[in-house]
């Protein structure tokens, strides 16, 4: 018990925990209060549409954490994490479609898109999704199962670097083409939409939207603490040593496959959960979530915020998607050029992301952890690799 408390405290110093709890308090208390309790005429009032928008950003923050865990700490650059995000979203969307019952446009037991496409019966893989207790495990199992199988063969074949990034992009593109087909039973080009209820609660009610926002905020906090626990543990230090000197770690008696596969699978799990929370808040899931550009954007969030910090990628996800929400309306044709310019600029001039420039981000940088004590920064990762080099040298 005492060790557990000490381990919990060691995740952050006192100031770090104060900062984490302060941010959580603002996000989980102030936002709902400003929306529900402040009169609509007040300048402090938060409009109703902002709540699901922030909830969507929270889901992106979970994805950014997942990306940082494998890229920032394990050195695995995935350009296909949109697959796991979309699979979690589709599992939740299938439940929400079945929850409609006979209230669809065609008053049928089948989802509306199946009636429109002249399906005669429900496909076998849809059975069970009318029950939440079945859909929820599927949200966890489907993305992680695919990630485990894909990762096992990729890591066992020692595919890494740019080659690994390319095959993850190929996986994303192949699944996108598959989901676009109308004969898959997953809605084809239009995807799944027109959701009405979640566990009996009307998704169009503001109280339901606030509840989903709070669940998303709580999930992001738990995901951050879980990732923080991993990267400050012995396993996290081994991951960083594998990132910096995989061959030397193998000579030291470690099996990189096990550690990389565990981090990769857990990362996919987080993406699946994020996708499941995302769908009821935006009201749709379709193959556009599997576009290769979406997976590239996930890597950009991490690069902009600061790779290998956990806090930085969350910040990057909020900043990039906040800019996207504005610029795709104000300058829709220029957004992709702006995004590309941001990525190139960060790569050339801010290799450590926004957390590397100090100033207004100094407090967040301290929250990310002092480099000498925590495993939350790239410089701290050099030490295990250095020890492994000296160890291998002594053996030789």
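The values are calculated or read from the model by the stated rules, or taken from the named source; none is laboratory data. Quick caveat: nothing in here was measured; it's all calculated off a predicted structure. Heads up, the Cβs are rebuilt from the backbone with ideal geometry, glycines too, and the neighbour counts pull from every protein chain shown.
The table below lists the values:
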read-out: Scope the stretch 276-320; condition part of a loop (DSSP other than H, G, I, E, B) and surrounded by fewer than 24 Cβ atoms within 10 Å (Cβ to Cβ); matching residues; value: 283, 286, 291
read-out: Selection count, the stretch 13-50, where residues are without any contact (Cβ under 8 Å) to a residue 12 or more places away in the chain, in contact with a helix residue (DSSP H, G or I) (Cβ under 9 Å, 6 or more places away or on another chain) and either crowded, with 16+ Cβ neighbours inside 10 Å or not in a loop (DSSP other than H, G, I, E, B) (or both); value: 2
read-out: Matching residues, the stretch 75-104, being over 16 Å from the mean Cα position of the chain (by Cα) and more than 23 Å from residue 199 (Cβ to Cβ); value: 75
read-out: Check on residue 339, crowded, with 16+ Cβ neighbours inside 10 Å and modelled with pLDDT of 90 or more; value: no
read-out: Residue selected from the stretch 225-256 under the condition out of contact with any helix residue (DSSP H, G or I) (no Cβ under 6 Å at 6 or more places or on another chain), closer than 17 Å to residue 17 by Cα and buried (at least 18 other Cβ atoms within 10 Å of the Cβ), by the criterion modelled with the lowest pLDDT; value: 232
read-out: Matching residues, the stretch 59-104, being on the phi < 0 side of the Ramachandran plot and without any contact (Cβ under 8 Å) to a residue 12 or more places away in the chain; value: 102
read-out: Qualifying residue in the stretch 313-323 (condition: farther than 17 Å from residue 76 by Cβ and free of Cβ contacts under 8 Å to residues at least 24 places away in the same chain); value: yes
read-out: Output for the stretch 201-210, where each listed residue is part of a helix (DSSP H, G or I) and surrounded by fewer than 17 Cβ atoms within 10 Å (Cβ to Cβ); value: 206, 207
read-out: Search result, residues across the stretch 187-220 that are closer than 15 Å to residue 112 by Cα and either free of Cβ contacts under 8 Å to residues at least 40 places away in the same chain or in contact with a helix residue (DSSP H, G or I) (Cβ under 6 Å, 6 or more places away or on another chain) (or both); value: 187, 188, 192, 195
